[in-house]
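K.L.:
Below is one structure. I have some questions about it.
The values are calculated or read from the model by the stated rules, or taken from the named source; none is laboratory data. Since the structure is predicted, the reported quantities are computational estimates derived from the model, not experimental observations. Here the Cβ positions follow ideal geometry from the backbone for every residue, glycine too, while neighbour counts run over all protein chains shown.
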């Protein structure tokens, strides 16, 4: 594949290109009646990744260029506290059953990725990068740094898990005859983090609320448990 390195400072260019790609993704998502395949993150990724490859731009360079967007994901996730507070009574009523589901689901999500990579013969850095794949990006990147994992690979796994979970979680729930939006939300939050939350809210406030609960508790569990477990195992 022929490469086309950019002859100028790309910091602002990549930031604007990413915003434009996400805007196009949002437009496509809206025009398709919010079809999950056209999630803005998916569309933006399909535009940005080929552009990075064609221009031979390293992930570290791109990450530095869009650091402001990465920083904004933190306040955006914190802002989910508002709809959670508005649904506090509903969350309280189902909290303990939901907590059991989240703990089991998060444990399987974290362990399954590491085991799969190990079975495929991946080296330790890739195995560690895979472990926080179901955790929302800001937390996953922090965990990856503490584990000594490849952060670029972790970012790829997080995006892949988010896209896959957002596309398939509802279908899997329906396959098993599960209609409760609270359960759908928990599955989305545990498996697909912020993309799952977005998908949940696009279907119903109840599903989005429980997706946010699932995502938040999964992130807490991963941040508290993965570094000491990795240190003990290694």
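K.L.:
If residue 113 passes every condition in (1) closer than 22 Å to residue 147 by Cβ; (2) in contact (Cβ under 8 Å) with a residue 12 or more places away in the chain; (3) out of contact with any helix residue (DSSP H, G or I) (no Cβ under 7 Å at 6 or more places or on another chain) but one, which one does it miss?
P.N.:
Result: residue 113 fails condition (3) only.
K.L.:
Now, a different point. Working carefully through the options 40, 50, find the one that is outside the structural domain of residue 160 (by TED's automatic domain parsing) and either at pLDDT below 85 or in contact with a helix residue (DSSP H, G or I) (Cβ under 8 Å, 6 or more places away or on another chain) (or both). Explain how you work it out, then say what you get.
P.N.:
On the way: 50 fails: either at pLDDT below 85 or in contact with a helix residue (DSSP H, G or I) (Cβ under 8 Å, 6 or more places away or on another chain) (or both).
Of the residues listed, the single one that is outside the structural domain of residue 160 (by TED's automatic domain parsing) and either at pLDDT below 85 or in contact with a helix residue (DSSP H, G or I) (Cβ under 8 Å, 6 or more places away or on another chain) (or both) is 40.
K.L.:
Kindly indicate which of 75, 97 is surrounded by fewer than 12 Cβ atoms within 10 Å (Cβ to Cβ) and either free of Cβ contacts under 8 Å to residues at least 40 places away in the same chain or assigned to a helix (DSSP H, G or I) (or both). Step through it out loud before you land on a result.
P.N.:
On the way: 97 fails: surrounded by fewer than 12 Cβ atoms within 10 Å (Cβ to Cβ).
Answer to the selection: 75.
K.L.:
Could you check how many residues of region 78-94 are surrounded by 14 or more Cβ atoms within 10 Å (Cβ to Cβ) and either within 20 Å of the chain's Cα centre (by Cα) or not in a helix (DSSP H, G or I) (or both)?
P.N.:
Restricting attention to region 78-94, the residues satisfying the condition of being surrounded by 14 or more Cβ atoms within 10 Å (Cβ to Cβ) are 80, 83-84, 87, 90-91, 94.
Within this subset, residues satisfying the condition of being either within 20 Å of the chain's Cα centre (by Cα) or not in a helix (DSSP H, G or I) (or both) are 80, 83-84, 87, 94.
Count: 5.
K.L.:
Would you please list the contacts, defined by Cβ atoms under 6 Å and residues six or more apart or on different chains, that run from a residue in region 36-62 that is under 27 Å from residue 197 (Cα atoms) to a residue that is at pLDDT below 80 and surrounded by fewer than 17 Cβ atoms within 10 Å (Cβ to Cβ)?
P.N.:
Every condition considered, the pairs that remain are 59/152.
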